[in-house]
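S.K.: The structure's right below; bear with me while I get my questions together.
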Amino acid sequence: MVKLTPLVAFVAFIVAMAPELAAQDSAPFPPPRLEPRIVTPGRTSADPPSDAVVLFDGKNLASWRSSDGSAAKWQVRDGYMEVAPGTGDILTAEPFGDCQLHIEWATPSIVKGEGQERGNSGIFLMGHYEIQVLDSYDNKTYFHGQAGSVYKQYAPLVNAARPPGQWQSYDIIFRAPRFDEQGKAMERARVTVLHNGALIQNNVEIFGNTYNDRPAVYTAHAPLEPLRLQDHGNPVRYRNIWIRRLD
Ligand code: MG
């Protein structure tokens, strides 16, 4: 056995205890160096703050494209856009990563279909991670497939759905996944969602792409990717869409 002199033993003790001693340090945390930027809030919390990118203000689809890059083909009328079934998903022209997103939607007032076939659409963060849009008012389906679910991963904490035809809102706070150079997800994506003002996803860790027919898995992608809205064959409406970059 190695014999320690009293001095070496003392130094070894101090080194071993250093984290403990540091944790007990009563010095205050360093104060923030940067003054928060001034942002002029919207008239209500549904209106865009001054630093938001407005993705849809009710007038046109200038900020959106079809997945082949051509003009988005959904209908615009009376201040909203509506899925034109069969024309495909639409994506933002600009890409986004960490963000705060406000989006309003309404499922058809004429109720058709059951379960996943009733008022289905979806908001794909970075084009990969779906927050489900569905008529979940008196419409049974699997819990991690109802409105506000992280599709096939997390049910919403509560069902805060309004009846079909009424406008509803999601406020989404999203942290993008971080990939290493080999494309491995070193940090998973995280998301917080409020549905009509009620918290339904509380900073959950997303397990990967939200497939409907196979287990979630991450596939490496760019740090910024377009937001995508789903054409699931139902004429779901959207309005008042704005996003704040958090990266
Ligand atoms: Mg969907």
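S.K.: For the range 132-153, which positions are of a type in the set (Ser, Thr, Tyr) and more than 14 Å from the ligand (Cβ to nearest atom)? Lay out the reasoning, then the answer.
M.R.: Our first condition is that a residue be of a type in the set (Ser, Thr, Tyr); within the range 132-153, this holds for 136-137, 141-142, 149, 151.
Across the range 132-153, the qualifying residue is only Tyr137.
S.K.: Using the structure shown, decide if Pro235 is in contact (Cβ under 8 Å) with a residue 40 or more places away in the chain and within 23 Å of Ala72 (Cβ to Cβ). Full working, then the answer.
M.R.: Numbers: in contact (Cβ under 8 Å) with a residue 40 or more places away in the chain: yes; within 23 Å of Ala72 (Cβ to Cβ): yes.
So Pro235 fits the description; yes.
S.K.: Could you figure out which of (1) crowded, with 20+ Cβ neighbours inside 10 Å; (2) closer than 28 Å to Thr40 by Cβ isn't true of Leu91?
M.R.: That leaves (2) as the condition not met.
S.K.: Those residues that are of a type outside the set (S, T, N, Q), in a loop (DSSP other than H, G, I, E, B) and crowded, with 20+ Cβ neighbours inside 10 Å, I need them from the range 129-148; list them, please. Write out each step before concluding.
M.R.: Kept after step one, since they are of a type outside the set (S, T, N, Q), are these residues of the range 129-148: 129-131, 133-135, 137-138, 140, 142-145, 147-148.
The next check asks that each one be in a loop (DSSP other than H, G, I, E, B); those that pass are 134-135, 137-138, 140, 142, 147-148.
Listed by number, the residues that qualify are Leu134, Asp135, Ala147, Gly148.
Conditions (1) touching a helix residue (DSSP H, G or I) at 6+ places or on another chain (Cβ under 8 Å); (2) more than 22 Å from Thr219 (Cβ to Cβ); (3) modelled with pLDDT under 95, marked per residue:
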| site | (1), (2), (3) |
| --- | --- |
| Pro108 | no, yes, no |
| Glu117 | no, yes, no |
| Asn120 | no, yes, no |
| Glu130 | no, no, no |
| Thr141 | yes, yes, no |
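S.K.: Within the range 154-165, work out how many residues are outside any strand (DSSP E or B), within 15 Å of the ligand (Cβ to nearest atom) and not small (Gly, Ala, Ser).
M.R.: 1
S.K.: I've got another one for you. Restricting attention to strands (runs of 3 or more DSSP E) lying wholly within the range 166-247, give those where 2 or more residues are among the acidic types (Asp, Glu).
M.R.: On the way: elements: 168-175, 185-187, 190-195, 198-205, 225-229, 237-245.
Per the criteria, no element qualifies.
S.K.: Considering only residues of the range 149-184 that are in contact with a Ser or Thr (Cβ under 7 Å, 6 or more places away or on another chain) and on the phi > 0 side of the Ramachandran plot, which is surrounded by the most Cβ atoms within 10 Å (Cβ to Cβ)?
M.R.: For the range 149-184, the residue satisfying everything is Lys152.
S.K.: In the range 169-206, how many are under 15 Å from the mean Cα position of the chain (by Cα), aromatic (Phe, Trp, Tyr) and farther than 13 Å from Ser149 by Cβ?
M.R.: 1
S.K.: Oh, and also: Filter the range 107-123 down to the residues that are within 18 Å of Ser169 (Cβ to Cβ) and either more than 9 Å from the ligand (Cβ to nearest atom) or free of Cβ contacts under 8 Å to residues at least 60 places away in the same chain (or both), then identify the one that is surrounded by the fewest Cβ atoms within 10 Å (Cβ to Cβ).
M.R.: Top of the filtered list is Ser109.
S.K.: Another one. Has the range 47-56 got at least one residue that is within 14 Å of the ligand (Cβ to nearest atom), aromatic (Phe, Trp, Tyr) and buried (at least 23 other Cβ atoms within 10 Å of the Cβ)? So that I can check it myself, show each step before the final result.
M.R.: Within the range 47-56, the first condition is being within 14 Å of the ligand (Cβ to nearest atom), and the residues that meet it are none.
Checked against the condition, which is being within 14 Å of the ligand (Cβ to nearest atom), aromatic (Phe, Trp, Tyr) and buried (at least 23 other Cβ atoms within 10 Å of the Cβ), the range 47-56 yields no hits at all.
S.K.: Restricting to the range 210-247, name every residue that is of a type in the set (D, E, K, R) and more than 14 Å from the ligand (Cβ to nearest atom). Quick ask: steps written out before the conclusion?
M.R.: Looking only at the range 210-247, we keep the residues that are of a type in the set (D, E, K, R), and these are 213-214, 225, 228, 231, 237, 239, 244-245, 247.
Result: Arg214, Glu225, Arg237, Arg239, Arg244, Arg245, Asp247.
S.K.: With respect to Pro41, determine if the residue is of a type outside the set (Ser, Thr, Tyr), surrounded by 14 or more Cβ atoms within 10 Å (Cβ to Cβ) and away from the ligand (no atom under 16 Å from the Cβ). Working first, answer last.
M.R.: Working: of a type outside the set (Ser, Thr, Tyr): yes; surrounded by 14 or more Cβ atoms within 10 Å (Cβ to Cβ): no; away from the ligand (no atom under 16 Å from the Cβ): yes.
No.
The values are calculated or read from the model by the stated rules, or taken from the named source; none is laboratory data. Treat the numbers as computed from the prediction; the structure is a model and nothing was measured. Methodologically, a virtual Cβ is constructed for each residue, glycine included, from the backbone with ideal geometry; neighbour enumeration extends over all protein chains shown.
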